[in-house]
Amino acid sequence: MTWFTRMSTALLLAVGMMGLSGCETVASTAPLASSADAKGIIIHRPWARATPGSGQNGVVFLTITNRSDLDDRLVAAYGTMAQTIELHTHVLDGPVMKMRAVPYIDIPKGQSVELRPGGLHIMLIQLQSPLKEGSSFPLTLELAHAGRMSIDVIVKGSAITNGQDHTTPSRDAPLPHPHGH
Amino acid sequence: MQIQRFWRISLLPLLLITFIATLHAETPNPLSLTGGFSLMDDQGKSKHLEDYRGSFLLVFFGYTYCPDICPTNLGIMAQALNKLPPTVSQRLIPLFISVDPERDTIKQLREYIQTFHPRLTGLTGTSAQLRQAANSFGVYFARVETNPPNPKHYLIDHSAGTYFIDDQGRLLEIFEHQMPPETMAQRILQRMQP
Ligand SMILES: [Cu+2]
């Protein structure tokens, strides 16, 4: 995973920042998509937790729906807001919470996978600056089949406990779940 | 035959219920602190567990580089506090103990906790003091290196429960990670209301 992140960071540096503002240029095979993708991958409600104080590490949560007829997987995330970006999960081992990097997150066809507090997340390590509530930042997701997708992540409150806060209205209208998830 | 059948049918659930009840009743309070702590608060003052005698405590161990588990549980703690009647919450002090003295300065700790609740107090100390405090509570914490190791990017595995201590310094309950704030408030109320 870390190898992947390093490689992707290097790649990102190599192509400069055009990967973010002009994602369509980088991913010529995958058209720019802010929340929906022509290949049937839909990203719902991407949000990050505001980092308290001079918070150095952040997390991004979102739900990925795969409406294509191919199993897919999230393999990486790229952005400029942090030095390192990894895919992580949480494992509760007795009373002890362990956060671990994972090489990918499977998104089986016809299913939705939720990245949420206490579970799977996109980990932002060593933020360039603290994430402030109400702001947003771009993030590029890479899926094995669907390719790259550029999304806008909204920063919500630090103290959100389940992602269902009512203090910050969700910017994206909730999308229907056609598979009864 | 009929009677035997009746007993077999009705006795089994009864026995089961009794068995479950016994399980609960026979669990003597296994929770106890094996010691206190000697730490420094977010104002730079030295604090001991005994200094809080007379108040109930909610204690969470974590670190400010913890991006999700700590904010979630501190958020729950804050919400639970706000759900309690003021007469109860006034007698309850929320504490956050940072087990990452290498990266968490007093200033950073202060800024971090202020985000969650105005009454939340941050505590930290030397590695030895923190190890001793964690041992008193039966709390586990261990540094985990990233791959490849980066001296600034390590993570810390840590117990994710919230420790509820009474006004005599006795451990009452450990609230599990992500307990709904309503449940936490109820359980606190049960113990604190006369
Ligand atoms: Cu993480």
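The values are calculated or read from the model by the stated rules, or taken from the named source; none is laboratory data. Note that the coordinates shown come from a computational prediction; the quantities given were computed from them, not determined experimentally. Note that we place each Cβ from the backbone using ideal geometry, even for glycine, and neighbour counts take in every protein chain shown. Please note that ligands, DNA and RNA were not included when accessible areas were found on the heavy atoms of the full protein model with its side chains. Shrake-Rupley method; radii C 1.70, N 1.55, O 1.52, S 1.80 Å.
Summary of computed values
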{"item": "Highest average packing first - B:34-43, A:113-122, Cβ atoms within 10 Å", "result": "A:113-122, B:34-43"}
{"item": "Packing-based order for B:130-140, A:50-60, B:71-81, using average beta carbon neighbours within 10 Å, highest first", "result": "B:71-81, A:50-60, B:130-140"}
{"item": "Per-selection Kirkwood Rh - the stretch A:76-130 (Cα, Å, 1 d.p.)", "result": "12.6 Å"}
{"item": "Cβ neighbours within 10 Å from other chains - mean over B:149-156", "result": "4"}
{"item": "Proximal charge balance of A:G79 [Cβ under 14 Å; K/R count +1, D/E count -1]", "result": "-2"}
{"item": "For the pair B and A, total buried accessible area rounded to nearest 100 Å², probe 1.4 Å", "result": "2500 Å²"}
{"item": "Normalised contact order of the stretch B:30-192, rounded percent, pairs of Cα under 8 Å and 6 or more residues apart", "result": "34 percent"}
{"item": "Peptide-level mean, for A:81-88, of C-beta atoms on other protein chains within 10 Å", "result": "1"}
{"item": "Sulfur and carbon atoms: percent of accessible area, the stretch B:92-194 [1.4 Å]", "result": "51 percent"}
{"item": "Protection proxy ranking of B:163-171, B:61-69 - average other beta-carbon atoms within 10 Å, highest first", "result": "B:61-69, B:163-171"}
{"item": "Cα Rg, Dmax, the stretch B:30-192, angstrom units", "result": "15.0, 51"}
